[in-house]
Every structure is written in structure tokens, then in C-alpha cells.
1. So how many residues does region C:23-43 have that are within 13 Å of ligand 1 (Cβ to nearest atom) and not aliphatic (A, V, I, L, M)?
2. If you check C:GLY195 against the conditions, is it closer than 30 Å to C:ASP228 by Cβ and more than 16 Å from ligand 2 (Cβ to nearest atom)?
3. Could you please tell me which pairs satisfy a Cβ distance under 6 Å, a separation of 6+ or placement on different chains, a first residue in region C:185-207 that is in contact (Cβ under 8 Å) with a residue 24 or more places away in the chain and away from ligand 1 (no atom under 15 Å from the Cβ), and a second residue that is among the β-branched types (Val, Ile, Thr) and open to solvent by 10 Å² or more (accessible area, probe 1.4 Å)?
4. Taking region C:46-60 as the search range and keeping residues that are touching a residue at least 40 places away in the same chain (Cβ under 8 Å) and hydrophobic (A, V, I, L, M, F, W, C), which one is nearest to ligand 2 (Cβ to nearest atom)?
5. So how many residues does region C:6-32 have that are more than 16 Å from ligand 2 (Cβ to nearest atom), open to solvent by 10 Å² or more (accessible area, probe 1.4 Å) and either more than 21 Å from C:GLY183 (Cβ to Cβ) or assigned to a strand (DSSP E or B) (or both)?
6. Residues that are aliphatic (A, V, I, L, M): find the helices (runs of 4 or more DSSP H) completely inside region A:217-335 holding 3 or more of those.
7. Kindly indicate which of C:MET76, C:MET82 is within 21 Å of C:THR108 (Cα to Cα) and within 16 Å of ligand 2 (Cβ to nearest atom).
8. Are there any helices (runs of 4 or more DSSP H) wholly within region C:72-159 with 3 or more residues that are within 8 Å of chain B (Cβ to nearest Cβ), and if so which?
Amino acid sequence: MANPVSYRVETRTRASGRAAIAAAALVVLAIGLPAFAGRSLLQDMFVILSMLTLAQCWNLLAGYAGLVSVGQQAFVGIGAYAMFAGVIFWGWDPVPAILLGGVAAAVLAIPTAFFAFRLAGAYFAIGTWVIAEVVRLSVAQWKSLGGGTGTSLPREATSDMMFVEPIASLFGLRDAAARDVLAYWLALALALGTIAGVYALLRSRQGLALAAVRDNRVAARAVGVDAQRMNWVVFVAAAAITGICGGLIYMQTARISPDAAFAVLDWTGYVIFIVVIGGIGTIEGPILGVIVFFALQRLLADYGSWYLLILGVIGIAVMLFAPRGLWGLIHDRTGIDLFPIRRRLIIKK
Amino acid sequence: MIWVDTIVQGVLLGGLYALFAAGLSLVFGIMRLVNLAHGDLIVLAAYLILFVVTVLGVHPLVAVLLAAPMMFAIGWGLQRLILTRTLGDDILPPLLVTFGLSIVIQNALLEGFTADSQRIPMGAIETASVALGPVSVGLIPLLTFASAVLVIFALNQLFYRTSLGRAFRAVSDDPTTAQLMGIRPASVFATATGIAMVVVTIAALYLGVRSNFDPTIGPARLIYAFEAVIIGGLGSLWGTLAGGIIIGVAQTLGGSINPEWQILSGHIAFLVVLLIWPRGLFPRAFD
Amino acid sequence: MTLLSTHGLTAFYGDFQALFGVDLTLGAGETLAIIGANGAGKSTLLRSVCGLIPAASGMIRFDGADVGALSAPEIMALGIAMVPEGRRLFPSLSVEENLLIGTYGRKTQGTWSLSTVYDLFPVLRERRHNPGTALSGGQQQMVAIGRALMSNPRVLLCDEISLGLAPVVIKDIYAALPRIKEGGTSVIVVEQDIGQALRVADRVVCMMEGRITLEGTPARLTRAVIHDAYFGARV
Ligand SMILES: Nc1ncnc2c1ncn2[C@@H]1O[C@H](COP(=O)(O)OP(=O)(O)O)[C@@H](O)[C@H]1O
Ligand SMILES: [Mg+2]
């Protein structure tokens, strides 16, 4: 009867072990990509990676913390504008000025959270959207940054940008192409850093608490999880990364306007589709989602508004018939977890 | 005197927003459904009216009478086939599905009617104005406001004086027990959405007569509508009118100081109200 | 003559089986009491009969027709009305509106109308414009019964109408039962209070763990037999 039972707790799965090796190889490949890829591929990869970063942030909010924000464009926009402000007013180099975007977004997130956390459910969604509109309209009043029509990064700022010289000489490229390489590397670092950060958070004690809150708010409170504090941490962190991403995106475009930088469709709408189609509440989902999103965009590029129409239909269909997204379908079929979070008890007799 | 004029114009503008919001308020109040496609449905109805006007050559008011039943059917079908599946405690499915719907409608309209902006022609009445005490107001804004009051009055009568209205409230309270009364929640919800779409058609008429519209303007209208609904309090139709008026007055006041502040001041009024009353001005006692 | 019957009825909540082949009959004009401890499956049985939860297997016959596959509104329209456990008045409706909504799915002529319900429970007439939920527990129970009667049902299902009420109030409510039967309605009352059940019923059924364990007329059932059926046989 009283067999001694030893056990250990694991989150690793065999798939995740193999995936880790594959991922490491993939990362090395990704870092080396500029050595053999053309400019247009790098530009595409830049878009994919920055959308992936935004998607991971929104997924953290909506999929794990239950904060369904429709106002993430506020942080993209403010991050982008802060980067521009750093360059134009204080003469910063655009690359470090990107971090300024993260700071500005985090600062904006504080009053936003203070206000929006008083609202429940749908009110939260609408509230965040209205705040983003307020920020957009206010920024449009900022005349020295071009007001409603926007402005461009000064030519000397982009031409003397940090790291561009060494990259140019390393690969033997012109400056413009070297800037694409730089933007690509930064986007890669940001996306990988975000995924790593989200994964670390979810595996930590706080992450477990977050999942507990998502699954059962009352029970979580009963065992002493402070849901409100977790929400604050997640909201501000997601805003900061979103802001950095905004700064990076507009470093690459080098031209900004309030309507573009605060576009609800581009920075929240598409992001929501990416997360939902890929699979909300998983780290794998947004990765899969961004690939599908981009493939569709390419496939339907010649069909104008049909592209968005089909995207909308796919989004609706996934939500209705496969609410856990494509990754949910794959996971149910195969049981694969690339980023295992659930702890499993391994009992040895 | 200029202030009185500004405020009167604001109140009348509030009527337009209340009209945008009334259908939303009805649906939100009954089934807690956040319909992000509401603004696009208004635009869709505007195109429908325009289409009827152009093809049949009838007056826009007649076109509304023809478009309203079609919109009722669209709303009924939409609820029955799609929206009903999203109802539940989780707010994500309705948000995402209606967001998808919004994009589908916008782009379908772009395909069908191009991005050119349109207007519903009303003839001389468009520029007519009447003296209202010391201020002169446009006839169309006045009609808009009167229609808003009328629509909200009618919806209230329906809600509180009819057997269908009782069913709306009962299903909203407790759908399971409502079934024991012989009520089919899905069909009651479909009827409610159908009625909301009739209101949307009326709103669309004024949208199309008062200003130009194109397939993409829905979301901007939606945000005012939501503000009006939330300020008013969940399920309170007169509250929605009050909310619309608050947004409208805030916009004209802000706009009179600096035209660029018009939209901004409406949003700020919304945030201030919500900061003080997170559940709106006239929330239901229970929820 | 049998009006309502179940044959081998089973029901599940997810994976959890709550009914294990229940055979039940209700004659026209009969009052049947179902007794049993908490969790015995009484409410589940009523919910299956009125269509709120689908029967997993077995059959439900009403007036000669198989009604097992019908939805709750359809069954209600055939003439089976339910007073749900916990009364479940609609909070946004006044007392009178709560009564009126009872006729939503079935507009019939018969004994019961607003005025006869008010005659049955006069206190409701005074409070007819109050919100249903502003009433005392006993009065709320009267509204719930009146609401079910408004459709002039042929079968009335009452789930624990004495739950949480003071003995005097329970007496008042049960005093209405003879008047309800006079109108020709057959009644099933679910009760945990055995004494109450034995007093009003023509026949008593006892349930335990999703099965019927005893059936008989009140006169033929002794306390000891009921006790065994209720709690399981004594060891
Ligand atoms: N909604 C439900 N979900 C899961 N199990 C339930 C549900 N309702 C009742 N049960 C279970 O079914 C069994 C029978 O419940 P019920 O019919 O309510 O018993 P009774 O009415 O006799 O007290 C109980 O074990 C109860 O826990
Ligand atoms: Mg029970």
C-alpha cells in the first residue's frame, strides 16, 4: 500500500525540447538573414515581426489578463510621436529615441489604467478606444510636430543614424539598405524579447496567478491573488512594449501623422485578427496568426477590398467555429505545446 | 446670446447622436451585446436608402419606408445566424465577431459603391431654417431631434407597455425562466435586433441628408453612439438621449472656442462623466 | 387516465448522471408529490419534463404524444407550466407584469386570469405595481404560482414552493391547492417536507440518487418505509 512515491513537477514536454532546438536554429538563421536576403524580404519581415510584437502584447492583455483593449493604437501612436519628439526637439539619435517611445507609452498607460480599470467588460473596451481618440486628437494639436498633417524625420537624423555605417560596410550596402537591416534586427530583437518576456512572465508565480484570475476570478481572490495589481503590471508592460514597437515602426517609415499613427484598424484591428485567427491565450497563436495574416495579404494583394472582406469573414468564422484559433485546432489534434506553461506532475513509483 | 445659440445647436446635434445610439442601446440593454458593426450598419442603411431613391426615383422618406423592412430582415437574420452564437458571459466573442462584421460591411460597400462620398438629396428642405425664440435653427437638425425624441418615446412604449416589451425585459433578466413562460429567447433577440435596424434606418436617413458619407465613416459614428449609451446607463433609453445631448453640447461648446476642439471636447465630456459615474447617469438598480 | 408519463428517463449534467431510468405517471386530475433529500434529482426530473434539459434517453409522453424532443417553450405551449425552484421572478417586471408574462406562449380561455389569480392571492392585488422582487418570500411564491397558472395549464409543476418560508405562510400557499385542482389542473409538487407532501397528495413518489425508490398512496405508507426510501435502508 504505502509505496514510496517520488515525483517532480515539469513544464517541459518532449515537443518543447525539440522545439527549443529548432527555435535556436531558427533564431540563428533569422539573425543571419540580412547576409543573403534582399531588401524587400527584410522589409516584409520587419512588418511581420512588428505586428507579431503588437499581437503578443494584445494577447497578453486580452488572452491572459482578460483586458480587452480596443485602444492599443494610443500606445503605438504616442510611442512613435515620442520618438519623433526626441529626434526633432532634443536631437537624439532615432535608435535610442525608440526607447523614449516605450517610456512615453508607459507614462500614458498609468492614467489610462486608472480610468479604464474602473470600467467593466464592454465599457473597458469602449473606454480605451475613446482614450486613444482623445490622445490622437490632442496630438493633432501639437503644431511643432506637424499638427493634423504630421511631419517627417529630419534627413540628417536618418542619414547619421547609429549602427548604419558599420552595417553598411559589413554587408557592403548603401545607407538606405543598411537602415532596413538595422530596422529588421531591432524588430527581431523586440519580437524575440517580447516572446521571451511573456513566456517568462507566464511561467513565473505571477503568471500562474494571472491564469488563475482568468479562469476564476473569485477563487483567485480567495487564494490571495491580487488581480488588480497583476492587471496594472500587465497593462503598463504591454503599453511600454507597444510604445517601443510604435517608435520602431515609425523610425522605419520616417514619416508620421496622427491618423496613421493612431489608426484603430492598423494597430488594434489587425492585431486582434492575428491573435484570434492564430489562437488567443497561447504564445504560439499570434506567431501562427501573423504568418496567416501576411500570407493572406500577399495572396489577395491584387483584389483590393476583397482582402479585408475575406479577412473579416475568416475572423468571424474562426471566432464562431474554432474560438481557440488555428493553434487550438493543432493543439487538440497533436497535443503539441511549444511553450508549455501548464505544470505536470510526474509520478515515479 | 451666442451661448444660447451654441447650446441649442448642441442639443439638436445630440438628437442625431441619440438617434445613432437608440438601436444600440436597445440591443445592449436587452442582450448585453456590444455591436461594433452598428456604425457600419447605419452606413449600410444609408446606401440602401440612396439605392432605393436612385433606382425607383422616390422621395427619401418613401425610401426609408421601403428600406426599413429590409433592414429589419437583415437584423433578424444577422442575429439568428451569427450574433446569437456569441452571447454569453465572455465579452470577447461578440466584440470580435461584430468587429469582423464591421470590416466585412465596410469593404463590401467599397466594392459595391466605391469610396466616393455620397449624399441623400432632400431638396429645398435641406437649407430651410426656422426661428426658435431668439435663435434660428435648421429645419433638418430640428427634424432630427424630433425624430430622436419620437423614436425613443416609441421604443419606451414598446419596452414598458407591450407584451413584446415584457418579453424583452424578461429574457434580459433570466433567459432560462423566460423559456418556461413560452418565450423563445433566440427569436425575441432576433426581433429586438430587427427593431434596432429599423431605428438604424431612420438614423441613416439623417446621416445621409445632413452630411456626405462614404463606406468608411461608420466607426466614427459608432464611437459617439457608444458614448451616448454608456453615459445614459445600460438599458436606459431616455438616458441615451441625455447622453447624446451631453456629447452634442460639449462638442458645440468646445467647437465654439476652437473648431479643432469640437470632437475632442465631446470625448472629454464622456470621460469626465464616466470618471464620476462609472455605470452612467441612469444605471439599472440591479444587474 | 394517464396524462403525463416518463419511461426510463435519464439525464446528465455534462458527464454527471443525475437521473437513472425514471418511470413516472401522473393521472388527469391527480396531485402527485415527489419527495426526496437534497440532490435526489427531483428538480432535474421536473426540468427534463418541461424541456429545460434534454433527456439523454427514455421517453416523455404527454396526452398521448411523445414530447421528449420538444423545447421548453413548445412544452409550455402544450399546457405544462412550471413554478421553478427559488421562485425566479423577473426583477425588471412588476408583480402584474410577472403574472401577464405567464401567458406569453399560450393564450387560452380558462379559469385563470389576472382577476382570478388576485382572488386566489388577494395580497397581490394591492401590490400589483410593485417590482416582483420587492415582495416578501411568501408573496413572491404566490406570484410565481400565479404566473404559472395564468397560462391555464393542464399540468402544474411546483418545485419546493415551501422552501425558506415560515409555517404559517406555507399553510396559506398550500390552501390555494384545492382551488387549483378544482380548475381541472393536475399537479406535481416536489417537497422536502414529508408531512406537507403526505397531506396534499393523492399519491407519493420518493426519489433517491436519481432513482424512484418508493411509490404509494399516503394512507398506505408508514413513516418507517418512507424513511428508508428517503435516506436509504438502515443498516
Ligand atoms: N446545473 C447543474 N450542474 C451540475 N450538476 C447539477 C446541476 N444541478 C443539479 N446537479 C446535480 O444533480 C443532482 C440532482 O440535483 P437536483 O435535481 O437539483 O436535486 P434535488 O432537486 O432533488 O435537490 C445533484 O447531485 C446535483 O448536485
Ligand atoms: Mg431541487
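The values are calculated or read from the model by the stated rules, or taken from the named source; none is laboratory data. Please read these numbers as outputs of a predicted model, since none were measured by experiment. All Cβ positions, even for glycine, are placed from backbone atoms using ideal geometry, and neighbour counts span all protein chains on display. The protein model used for the area step is the full one, side chains on, heavy atoms only, and it has no ligands, DNA or RNA in it. Shrake-Rupley method; radii C 1.70, N 1.55, O 1.52, S 1.80 Å.
1. Residues that pass the stated criteria total 6.
2. yes
3. C:ARG203/C:THR217
4. C:LEU46
5. 12
6. In region A:217-335, A:217-222, A:227-253, A:270-278, A:284-299, A:305-321, A:325-334 are the helices (runs of 4 or more DSSP H) which contain 3 or more residues that are aliphatic (A, V, I, L, M).
7. From the options C:MET76, C:MET82, the qualifying one is C:MET82.
8. C:72-78, C:95-101
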